[in-house]
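Only one structure is covered here, and it is reproduced in the block below.
The values are calculated or read from the model by the stated rules, or taken from the named source; none is laboratory data. Everything quoted here is computed from the prediction, not taken from an experiment. Positions of Cβ are backbone-derived with ideal geometry, glycine not excepted, and every protein chain shown enters the neighbour counts. Protein only, heavy atoms only, side chains kept; ligands, DNA and RNA dropped before computing areas. Shrake-Rupley method; radii C 1.70, N 1.55, O 1.52, S 1.80 Å.
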Amino acid sequence: CRIENCDSCFSRDFCTKCKTGFYSHRGRCFRGCPPGFAALEELMECVEGCEVGQWSEWGTCSRNNKTCGFKWGLETRTRQIVKKPAKDTIPCPT
């Protein structure tokens with residue numbers, strides 16, 4: 001196997017099990033997962049993470065469904081989930 005930090009290979013260029021402390025990602029071994037991927041600790045694999053959009057603008061201040069002053073109410077904003085993770089074990093942020 002020519003893959004650095006690999007314990008077991010499928011072929012010379014594809015690792016199936018990385019050494020302890022390394023994450024498997026597309027046949028290679030890494031200390032951490034690349035951007036856009038999340039670590040599954042129990043399997044030591046990198047999987048596609050949750051992708052969320054931009055935050056919306058802050059909503060108007062309200063309390064008990066009425067507009068109010070900034071000190072005594074609640075302002076909210078939202079963002080949409082653009083892409084759900086491949087596995088449900090990695091939650092998307094709220």
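Checked against the criterion of being open to solvent by less than 80 Å² (accessible area, probe 1.4 Å), under 30 Å from ASN5 (Cβ atoms), in the same structural domain as CYS6 (by the TED database) and at pLDDT below 80, the range 16-31 contains not a single residue that satisfies it.
Can you give me the number of residues within the range 1-58 that are touching an Asp or Glu at 6+ places or on another chain (Cβ under 7 Å), part of a loop (DSSP other than H, G, I, E, B) and among the aromatic types (Phe, Trp, Tyr)? Of the residues in the range 1-58, 1 are touching an Asp or Glu at 6+ places or on another chain (Cβ under 7 Å), part of a loop (DSSP other than H, G, I, E, B) and among the aromatic types (Phe, Trp, Tyr).
Among the residues of the range 32-61, the one identified as hydroxyl-bearing (Ser, Thr, Tyr) and open to solvent by 60 Å² or more (accessible area, probe 1.4 Å) is THR60.
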